[in-house]
Amino acid sequence: MSARQITIIANWKANLPPSDEVDLARRIAEGLRSEGRHTVDPSRLRVLLAPSTLGLVPVASLIRREFPTSGLQIAAQDVSAGGPGAFTGESPADHLVAIASAVIVGHSERRRDHHESAEVVGRKLARVARAGLAPVLCLGDDLPNAETEVRVSLVQSQCAQALDAAAQHGCAPRELLAAGLAIAYEPIWAIGTGRPASLAIGEAIARGLRASTGMVDLAVLYGGSVEAAAAASWLGTSAGRTEIDGLLVGGASLEEGHFLAIVRAAARAAGGA
Ligand code: 13P
């Protein structure tokens, strides 16, 4: 368990204009540098910033130019389901590869606002993996009061549908894994509500997904009202890790102090501080 890499992702959504995203990225990178955090073994802890589409290029350029040893990586919040070509307004994975190392796929806000089906999510997964980017597949139930087993089987079936759709588009589960697939369990009722899921639910989902996919080392992250103060309990310590391999952070990633505290907790769990 403790050998699994911890992944922390700041999902800034569309909260900030690109100039503010650049400023926030700078404050986070400076914070990491002043804490000596860049020395954490990247095979044990990776930290990704996911700016808005408009912020991807300026934030990636800042990190590359001014903080090349920060270890900070860039994730895209979404990707086109199609390839390069005559697709107005789209961002193909083949182009993102020059900017990002991972892509969030199937976030519940996109499923809700853009009617993204499992089929579309599967096509995106296949595009991302084939381009050499790591897919972060978001899954989550909308059942605040359900029994844990109901929740687990719903998320297992969401996962199976997305993986099946990716396979139909020529990308088998083992190829997704080879590309660095991670699942983010983000219960819809926990996102932006200040009401996170319990660790017990998150761990049951993580175990359930590893069992149903047969991917024993599948990385499962949690997202939904993660606060800095709770990060350590989500991840555990290097002496006793939980089943959760990282955090997908929304609101708390918009303030560098909160986000850096989450990274500190992750570094302790990863055995790097
Ligand atoms: P919050 O942390 O603001 O609840 O957002 C979670 C999320 O949707 C991250 O992708």
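Just so you know, all these numbers are worked out from the coordinates, no wet-lab data involved. What you see is a predicted model; the values in this text were computed from it and never measured. Positions of Cβ are backbone-derived with ideal geometry, glycine not excepted, and every protein chain shown enters the neighbour counts.
Mind jotting down the three principal axis lengths of region 1-84 based on Cα atoms? Whole angstrom, largest first.
Extents along the principal axes, in whole Å: 36, 29, 22.
Would you work out the Kirkwood radius for region 97-216? I mean one over the mean of 1/r across all pairs of different Cα atoms, in Å.
14.5 Å
So how much slack lies between GLU227 and SER153, counting 0.36 nm per residue of separation and subtracting their Cα-Cα distance, in nm?
Length difference between fully extended and current span is 23.9 nm.
For an R0 of 30 angstrom, estimate the FRET efficiency from the Cβ-Cβ distance between ALA160 and ASP113 and round to the nearest 0.05.
The calculated FRET efficiency here is 0.80.
So for region 59-117, averaging the separation of alpha carbon pairs under 8 Å that are six or more residues apart and normalising by length, what relative contact order in percent results?
Over region 59-117, the number comes to 34 percent.
Debye sum, Cα scatterers, the chain, no solvent: what log₁₀ I/I(0) at q = 0.08, 0.10, 0.12 1/Å?
Results for the chain at q = 0.08, 0.10, 0.12 Å⁻¹ read -0.28, -0.45, -0.67.
Rounded to the nearest 5, what % of the DSSP beta bridges within the chain are antiparallel ones?
Antiparallel bridges: around 5 percent, rounded to the nearest 5.
Taking all pairs of different Cα atoms in region 137-273, averaging 1/r and flipping that mean, what Kirkwood radius in angstroms comes out?
15.4 Å
Can you tell me, using C-alpha contacts under 8 Å and at least 6 residues apart, the relative contact order of region 61-217 as a whole percent?
After rounding, I find 22 percent.
Mind checking the full-extension length gain between SER43 and ASP20? Use 0.36 nm per residue of separation minus the Cα-Cα distance, one decimal, nm.
5.3 nm
Extension gain ALA200-SER34, at 0.36 nm per residue separation less the Cα-Cα distance, in nm?
56.3 nm
Calculate the spin-label point distance for ARG174 paired with GLU66, positioning each point 7 Å from the Cα along the beta-carbon direction, and give it in nanometres.
About 4.5 nm separates the two model spin labels.
Go ahead and run the numbers for FRET between THR237 and ASN145, Cβ-Cβ distance against an R0 of 25 Å, rounding to 0.05.
That pair, THR237 with ASN145, gives E of 0.20.
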